[in-house]
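Notes to accompany the following structure.
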Amino acid sequence: MRRRTALALLALTALGGGLAACGATDNSTPVACLEGSGAYLRALRAAPGEVALGDGTPISGCLVENQEAGDLATVGSAMVAAATSLNAEARAEPGGGASLRLGYLLGAAQRGADSNEGIDADLVRRLAAAASYSPEGRPLPAAFLRAYGEGFDAGEARG
């Protein structure tokens, strides 16, 4: 079921669809979330296991309720850069670790966004667009989608 959600997220992005989204309960962004895309890429090496940033913050913990706009922009830029990098790796080796890590990132972001009453909807859409990029709009290979779906499920469950 969750894999269908992950694949639907990619399909919605390709069709220009929107997503409702939401995050945590205070407006304090953990410092580790503000350390750039490299922090996310390093943490995602543990996927589909327990993924945490340098201070132990899960990726979903980077999307907090009433987050300051500057912090959200910094977190969003880092996550989109990480997703873009992982997409390029995953297209080069469909079904490999990058596809799984990419899915995990999206699942964790969706998990964090699910409690923020829509504040993170645009970020989740931008992440989905970066994750689903394919030159000339070519369909992504089945192996890419399978590994992505596995990572999405893990990220949404634990991320």
Quiz item: Using a basic spin-label model with each label point 7 Å from the Cα along Cα→Cβ, how many nm lie between Glu68 and Arg45?
Solution: 3.1 nm
Quiz prompt | Two-site FRET efficiency, Ala81 against Ala142, from Cβ-Cβ distance with R₀ of 35 Å, rounded to 0.05 | solution = 0.85
Quiz item: Once you list every other residue whose beta carbon is under 15 Å from the beta carbon of Pro139, what net charge do they have if Lys and Arg are +1 and Asp and Glu are -1?
Solution: +2
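Here, each number is a calculation from the coordinates, and none is a lab measurement. What you see is a predicted model; the values in this text were computed from it and never measured. All Cβ positions, even for glycine, are placed from backbone atoms using ideal geometry, and neighbour counts span all protein chains on display.
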